[in-house]
Amino acid sequence: MSAHFKKLALIGIGLIGSSIALAARRQGLVEVISIATRRQETLDEARELNLGDIYTLDAAEAVRGADLVILCAPVGAYAALAEAIAPALEPGAIVSDVGSVKEHVVKVVGPHVPAGVHFIPGHPIAGTEHSGPSAGFAELFAGRWCVLTPTAGVPQAATDRLVGFWQAMGSMVECMDAAHHDMVLAITSHIPHLIAYNIVGTVADLEADTKSEVIKFSASGFRDFTRIAASDPVMWRDVFLTNRDAVLEMLGRFNEDLSRLQRAVRTGDGPALEALFTRTRAIRRSIINAGQETAAADFGRPHEQPPTPEPTPVRDHGGGDDA
Ligand SMILES: NC(=O)c1ccc[n+]([C@@H]2O[C@H](COP(=O)([O-])OP(=O)(O)OC[C@H]3O[C@@H](n4cnc5c(N)ncnc54)[C@H](O)[C@@H]3O)[C@@H](O)[C@H]2O)c1
Ligand SMILES: O=C(O)C(=O)C[C@]1(C(=O)O)C=C[C@@H](O)C=C1
């Protein structure tokens, strides 16, 4: 089954859209790339970076004649985008996306997809805290998982084509149910981001003199949180608005465990603390061991370089709400 497409339409061209453009081009997976954004400045930036062949502010125009369409905007924009592109979709085309939540995407995009067009939502589990067209790089997906959640009635051949496309960009692909995806990602990605936003927010609210001490003496632990808390505000607002149930379910469990830890600290329960920290250290080691085969591909990613004495510069592209 060919992973090659005649025309790829990318709706939204930030970190993920630009990385797909670069990777698909490098691997020779597409003949033509058309790019649609909402704002002229973003489109101009994409053109300067030579990310595609056709540039337009009209999403429907971008998808005309495309055999692969990928929504790469914040998920809060999907419903309106799906409605706008629906009349221009080619029969037989594959419509996919890269959104960090999946049930909401099925719910708001699915009803707009015409019969004869194959809707296969997707989510590359790969990213950085940077955003905008200049943040992308062709290696982003190498050695990373991409989850697909094919909708009912989609022919296996269409799913196989999309699996081949992601594999050709270096990803490992797994298909799963959208609700299951949202529950797993709530704890592995969404809540870690919520915790980072919260702890950095707590520091931001400290009295001025304490705050400057925190910044002066922050070592890698707090710095790691600030990297994650620098992630795009619009993208993450939409994640928490659209994966509410799964996030709240996991947050409930998290709070129970935190209360147990709080009690252990208050009562000086050393064995309980040590037992938990021993278990979590083993989990970290098993993740690192599991990732060893992809370590070579990972090396040198912008967000994984060793910490430097200077604070990590945060590139500000004005957020995901900028097209
Ligand atoms: N950043 C990550 O780590 C990451 C990882 C995997 C998936 N995702 C998902 O990928 C999607 C894009 O995230 P990103 O990191 O590339 O964000 P980004 O902020 O870098 O880019 C988003 C782009 O969407 C476009 N956009 C915004 N609103 C739009 C609208 N109404 N119409 C058309 N285009 C619009 C703009 O071109 C903007 O540059 C999100 O749905 C996000 O959940 C992000
Ligand atoms: O590495 C990072 O900076 C990320 O936050 C990437 C990350 C994640 O949480 O793992 C963020 C959101 C996605 O939807 C997928 C990947």
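Between amide H atoms placed 1.01 Å from N, distances below 5 Å from Cys175 occur with Leu148, all of them 5 or more places distant or on a separate chain.
Largest first and in whole Å, the equivalent-ellipsoid semi-axes of the range 4-66 read 17, 14, 8, each the square root of five times a Cα gyration tensor eigenvalue. Computed from label points 7 Å out along Cα-Cβ, the spacing between Arg284 and Met172 is 2.2 nm. The overall shape of the range 180-302 is rounded: from the C-alpha gyration tensor, with semi-axes ordered a ≥ b ≥ c, the ratio a/c is less than 1.5. Computed 3J(HN,Hα) for the range 281-287, one whole-Hz value per residue from the Karplus formula 6.51 cos²θ - 1.76 cosθ + 1.60 where θ = phi - 60°, is 5, 5, 5, 4, 5, 5, 5, glycine and proline marked x. Look at the Cα gyration tensor of the range 1-153: its axes a ≥ b ≥ c give a/c under 1.5, and that counts as rounded. Multiplying the residue separation of Lys216 and Thr267 by 0.36 nm and removing their Cα-Cα distance gives an extension gain of 15.2 nm. Placing unit charges on the Cβ atoms of the charged side chains and taking the dipole of the chain about its Cα centre, the candidate lying farthest along the positive direction among Ala208, Leu162, Ile20 is Leu162. Derived scalar couplings between HN and Hα for the range 202-219 equal 4, 5, 4, 8, 5, 4, 3, 5, 5, 4, 5, 5, 4, 5, 4, 9, 5, 9 Hz in order, rounded to whole Hz, by the Karplus curve 6.51 cos²θ - 1.76 cosθ + 1.60 (θ = phi - 60°), x for Gly and Pro. Dipole magnitude for the range 219-295: about 260 debye, using +1 per Lys or Arg Cβ and -1 per Asp or Glu Cβ, origin at the Cα centre.
Ranking of Met176, Met183 by neighbouring Cβ atoms within 10 Å, starting from the fewest: Met176, Met183. Note on Ser96, Ser2: ascending count of other Cβ atoms within 10 Å places them as Ser2, Ser96, the fewest first. The ranking of His193, His104, His4 from fewest to most other beta carbons within 10 Å of each one's beta carbon is His4, His193, His104. For the range 44-60, 3J(HN,Hα) computed residue by residue from phi via the Karplus equation (6.51, -1.76, 1.60; θ = phi - 60°) reads 4, 5, 4, 5, 4, 7, 6, 7, x, 10, 10, 10, 8, 8, 10, 4, 4 Hz, glycine and proline entered as x. The Cα-based radius of gyration and maximum Cα-Cα distance (Dmax) for the chain are 20.9, 66 Å.
Values quoted throughout were computed directly from the atomic coordinates according to the rules given, and no laboratory measurement underlies them. Only a predicted model underlies this, so the values are computations on that prediction, with no experimental measurement involved. So basically every Cβ, Gly included, is an ideal-geometry build from the backbone, and we count neighbours across all protein chains shown.
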